[in-house]
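Colleague: Sharing a structure with you now.
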Amino acid sequence: MGMFLYLLPLLFASGASEDLVLDPTFANKCSASKEARISNCLQPIIDYANSIQKTSTEDENTPFSLKGGEVFSKLCNLYTDFKDCTADVHCHSISIEAVEASYGYMCGAGHNLFEKHAACFAEVEAQKEYNLCRNAAGKAMDDAVKTKKHNLDKYFYNLCQIMDDYLRCCRPFVVEKCGSDAWRLVAQITVDSLRVTMPDCDVNRALL
């Protein structure tokens, strides 16, 4: 499970969600005060995503895949808490859309499919080659964040490139070990998430 659990928090941990801009043509856009409350509801997910990224890089004694089940449950619990926290929000919020796109399928309709492939994903995550992909993405993300305050367009371009490189790097290991159906899960959750968080980011070639 760690593959998904690492892929999905990348954007949240990077702080990208804070810079998403809602199309001004949308009706019923949430007010600044409402968005502030939504941000408070989102903070536990961001904090946990940051802890995942930090722990997966620093903790060399415990393979990240061994913690996958626990992390998966925690993220889905946080997703449920977020939905409860924002249940009375009826305005249009990009943050709510981003969370739903990233976690809705994994923790909802697709839950059984993720569980079906969990053991195989764990085997992939235990491979040294995959960990090189993950660590390279983490380092690149740290470098990208440094450019954020100077050039936001370049920052988002870099984020997209990081996602593309990460997917291209780990795809062969997933397909070989777990099959094409398992990779389609990766593709679906990635496309759903990027459709909201970075709609201009095209990683389709990396997913094919």
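Colleague: Assess whether TYR130 counts as being modelled with pLDDT of 85 or more, part of a helix (DSSP H, G or I) and either touching a His at 6+ places or on another chain (Cβ under 9 Å) or under 30 Å from ILE38 (Cα atoms) (or both).
Modeller: On the way: modelled with pLDDT of 85 or more: yes; part of a helix (DSSP H, G or I): yes; either touching a His at 6+ places or on another chain (Cβ under 9 Å) or under 30 Å from ILE38 (Cα atoms) (or both): no.
In short, no.
Colleague: Return the residues of the stretch 185-197 that are at pLDDT 85 or above and more than 23 Å from PHE173 (Cβ to Cβ); say none if nothing qualifies.
Modeller: Result: ARG195, single match.
Colleague: Between a first residue in the stretch 132-158 that is surrounded by fewer than 12 Cβ atoms within 10 Å (Cβ to Cβ) and a second residue that is at pLDDT 85 or above, which pairs have beta carbons less than 8 Å apart while being 6 or more apart in sequence or on different chains?
Modeller: Matching pairs, first to second residue: ASP143/ASN158.
The values are calculated or read from the model by the stated rules, or taken from the named source; none is laboratory data. Fair warning: this is a prediction, and the values are worked out from it, not measured in the lab. Cβ sites come from the backbone with ideal geometry, for glycine too, and all protein chains shown count toward neighbours.
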